[in-house]
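The values are calculated or read from the model by the stated rules, or taken from the named source; none is laboratory data. Note that the structure is a prediction, hence the values are computed from the model and not measured. We place every Cβ from the backbone using ideal geometry, glycine too, and count neighbours over all the protein chains shown. Note: accessible area is taken over every heavy atom of the protein model, side chains too, but ligands, DNA and RNA are not part of it. Shrake-Rupley method; radii C 1.70, N 1.55, O 1.52, S 1.80 Å.
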Amino acid sequence: MAMKLYGLPMSTCTTRVMACLHEKGVDFELVPVNLGTGEHKQPPFLSKNPFGQIPVLEDGDLTLFESRAITAYVAEKCKETGTDLMRHTNPKEAAMVKVWMEVESQTFNPAISPIVLEYVIGPSMGKKTEQAVVDGCMGKLGQVLDVYESRLSTCKYLAGDFYSMADLHHLPFMHYFMTTPCASMVKDRPHVMAWWQDISSRPAFKKMVGAMTFG
């Protein structure tokens, strides 16, 4: 029985999971959730995720929410197939993957997500961009990208010379960020730009790009 993924392909968190499933070569069914009608806040969906957020993964009798928890589960369950995103056979490499996964979650995401919200997601819902919010995050993101530029000058990917979950987790927000006026922050850092061009060209991610459109 194929896994069921409840969400939307333009959702950053849904896309994060989809990229992982495609990298692992896992068959799954995408079940659209109508956010416009508030389906995610109704009892049937709340029984899957009490916080009323997408995505949700169902695998038999197991139900999971939170995109990074879902990708960790998929990587563990399917570690024998597809790309080894967690470097299971090498404890040192696996440790580095976890370090940079934490960096993405705790440092990169809080800096970039408000910019994407203001320039991409908000306007798709008829909201005006609050430039003060953007300006307040650009300095923080610049500091993060400076660290990435230094790191990526010594290795091809964040955890080492191998593609991993640490890189994959960056894909959704980076994709939208590169459509904003702030994209020069990446383009002006040659190692970060080369890394982005590499990870965004992976077939597993390119399968979804056409559907990642708000509006």
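Before moving on, here are some points about what is shown:
- Dipole axis of region 42-175 (+1 Lys, Arg; -1 Asp, Glu on Cβ), positive-most option in Met101, Gly136, Phe173: Gly136
- In sequence order, region 157-163 has phi-based couplings of 10, 5, 8, x, 8, 8, 6 Hz under the Karplus curve 6.51 cos²θ - 1.76 cosθ + 1.60, θ = phi - 60°, and Gly or Pro positions carry x.
- In plain terms, the chain from Asp188 to Gln143 could stretch by 14.9 nm, reckoned as 0.36 nm per residue minus the Cα-Cα distance.
- Estimated [θ] at 222 nm from DSSP helical runs (n ≥ 4, -39500 (n - 2.57)) normalised by residues in the chain, nearest 500: -14000 deg cm²/dmol
- Gain on full extension, evaluated as 0.36 nm per residue between Leu46 and His88 minus their Cα-Cα distance, stands at 11.7 nm.
- The value of relative contact order for region 98-205, using C-alpha pairs under 8 Å at least six residues apart, is 31 percent.
- Contact order relative to length of the chain, as percent, for alpha carbon pairs under 8 angstrom and 6 or more apart: 23
- Cross-link pairs Lys4/Lys79; Lys92/Lys187; Lys92/Lys156; Lys127/Lys187; Lys140/Lys206; Lys4/Lys92 - those with Cα-Cα distance over 21 Å: Lys92/Lys187; Lys127/Lys187; Lys140/Lys206; Lys4/Lys92
- A simple rule links phi to the HN-Hα coupling: the Karplus curve 6.51 cos²θ - 1.76 cosθ + 1.60 with θ = phi - 60°, which for region 126-133 gives x, 8, 7, 5, 8, 4, 4, 5 Hz, with x for Gly and Pro.
- Three-way shape label, region 1-113, alpha-carbon gyration tensor, a/c 1.5: oblate
- Once the 1.4 Å probe is applied to the protein heavy atoms, region 1-154 comes out at 51 Å² accessible per residue.
- The chain shape via C-alpha gyration tensor axes, a/c threshold 1.5: oblate
- Per atom type, the chain shows carbon and sulfur on 55% of its accessible surface, probed at 1.4 Å.
- Springs join every pair of Cα atoms under 10 Å in this Gaussian network model of the chain, and among His22, His88, His191 the largest mean-square fluctuation is at His88.
- Within the same chain, aspartates and glutamates fewer than 8 places from Lys207 are excluded, and of the rest, those with a Cα less than 18 Å from its Cα are Glu23, Asp27, Glu29, Asp167, Asp198.
- Amide H within-cut-off set for Tyr157, under 5 Å, with H built and near neighbours excluded: Phe162
- Gyration tensor verdict on region 136-204 (Cα atoms; rounded if a/c is under 1.5, prolate if a/b is larger than b/c, oblate otherwise): oblate
- Amide H contacts of Leu30 (H built 1.01 Å from N, under 5 Å, at least 5 apart or other chain): Leu5
- Filtered chymotrypsin sites (Phe, Trp or Tyr not before Pro), region 1-52: DSSP coil and at most 11 other beta carbons within 10 Å: Phe51
- FRET efficiency estimate (nearest 0.05) - Cβ-Cβ, Thr129 to Lys77, R0 41 angstrom: 0.50
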